[in-house]
1. Dipole of the chain, Cα-centred, from +1 at each Lys and Arg C-beta and -1 at each Asp and Glu C-beta, to the nearest 20 debye?
2. Can you pull the one-decimal nm distance between simple spin-label points at VAL330 and LYS251, each 7 Å off the Cα toward Cβ?
3. Going Cα to Cα from LYS303, which aspartates and glutamates come in below 12 Å? Please leave out same-chain ones fewer than 8 positions away.
4. Quick one: accessible area per residue over the chain, 1.4 Å probe, rounded to a whole number of Å²?
5. Rounded if a/c is under 1.5, else prolate if a/b is larger than b/c, else oblate: which is the stretch 216-348, with a ≥ b ≥ c the root eigenvalues of its Cα gyration tensor?
6. Return the carbon/sulfur percentage of the accessible area of the chain, one whole number, probe 1.4 Å, all protein chains in place.
7. Under 1.5 on a/c is rounded, so check that first for the stretch 174-257, then, if it is not, pick prolate when a/b is larger than b/c and oblate when it is not; a ≥ b ≥ c are the square roots of the alpha carbon gyration tensor eigenvalues.
8. Between THR63, THR40, THR315, which gets the highest mean-square fluctuation from a Gaussian network model of the chain, Cα cutoff 10 Å?
Amino acid sequence: MIDIRAALGSALALVLATASVHAETRTLYVGMNGGNFERTYTQAVFPDFEKANDVRIVVVPGTSSEILAKALAAKDKPQMHVMFLDDGVMIRAAGLGLCEKLKPSEGLAQLEPFARLKDDIAAGIDIGMTGLAYNKKLFDEKGWPAPTSWLDLADPKYKDKVVFQSASVSTFGLHGFLMFNRINGGSEANVEPGFKAFPDTIGKNVLEYIPNSAKISEMVQTGEAAIFPLTPTAVSTLKEKGIAVEYAQPKEGSVVLMVAECVIANSSEAELAQKLAAYLLSPEAQAKALAAGNIVPSNTSAKATTPAAEQKLATFHGYMKNAITLDWDVINAKRAEWNTRWNRMIER
């Protein structure tokens with residue numbers, strides 16, 4: 001005969017033990033871009049750290065601008081512990097006092113020199129560049145050659161076939177605009193040539209200004225999008241889904257785009273957040289990110305684990321030969337003013 005009291009006692013003990021385990025499991029919140037980034041890290045990179053440190057990592061998805069806004073809104077009582085931001089946005093975040101200095105680690109010491117932001121306030125975890133991408137199926141049907149220049153975005157044959165990310169919220173869009181501005185004689189310190197020429201050139205071809213690149217896959221598949229700014233990493237991810245896109249390196253150069261991480265200042269789990277940040281800079285973590293999500297390592301000791309990943313690295317280094325680095329100090333000083341002008345003059 002079953003002893004009801006003993007059974008209830010055992011069940012209660014099990015519940016309490018389970019609750020105790022859950023109570024001891026801490027949670028880290030990481031702000032980052034959704035899509036491929038979130039999928040890669042949650043499936044291939046975070047699990048080993050979670051298991052080794054009895055921690056649960058929760059992704060707060062959003063664009064770099066959105067993550068920055070969330071961190072700034074909660075500056076006095078941070079809700080996130082680590083954040084990934086595009087390099088230019090990260091420099092703004094550091095200037096706003098949102099990041100604490102990274103602690104020395106083996107991974108930090110192994111990074112490409114340019115991947116370490118001033119005073120190690122943040123560090124790159126993914127190295128890339130913004131160039132051009134195009135709808136291979138549509139180009140083949142039309143008999144169009146692959147694009148070779150940023151000025152191809154203004155070619156009349158792409159009327160209502162250009163998709164451009166909003167330069168006021170998207171790094172990709174800002175990169176495209178600033179390269180067009182440079183070609184027209186401008187610089188980061190002088191964007192007048194770009195604002196003057198854009199509406200009657202590229203602007204006349206734009207079908208839609210999008211806040212981020214999430215809609216591109218759909219617009220390629222429906223045949224709406226022919227050409228657009230994008231990174232080789234994003235192109236590789238789309239191709240792996242069977243979407244007919246290709247990357248084209250503009251002859252004027254692509255724009256270096258680094259995703260950087262920082263530990264958010266004054267968070268509730270500062271020590272554990274620093275430990276996670278150090279792990280993400282390690283060659284082991286970055287090799288996993290490369291294999292699972294085409295995320296190019298900033299750690300010089302990270303190795304490609306497959307022939308496909310090795311080829312991706314070789315191709316990437318070829319693109320870097322004429323890649324352009326922008327002056328983010330100048331950009332960030334004027335960004336708010338540019339955003340207003342962009343929204344008023346171009347996306348009106």
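1. 480 debye
2. 2.5 nm
3. By straight Cα distance, LYS303 reaches GLU284.
4. 46 Å²
5. The shape class here is oblate.
6. In the chain, the share of accessible area belonging to carbon and sulfur is 54 percent.
7. prolate
8. Looking only at THR63, THR40, THR315, the biggest GNM fluctuation is shown by THR315.
The values are calculated or read from the model by the stated rules, or taken from the named source; none is laboratory data. Keep in mind it's a predicted model, so treat the numbers as computed, not measured. For neighbour counting, all protein chains shown are included, and Cβ atoms are generated from backbone atoms with ideal geometry for every residue, glycine included. Just so you know, the surface numbers come from the protein's heavy atoms only, side chains and all, with ligands and any DNA or RNA stripped out. Shrake-Rupley method; radii C 1.70, N 1.55, O 1.52, S 1.80 Å.
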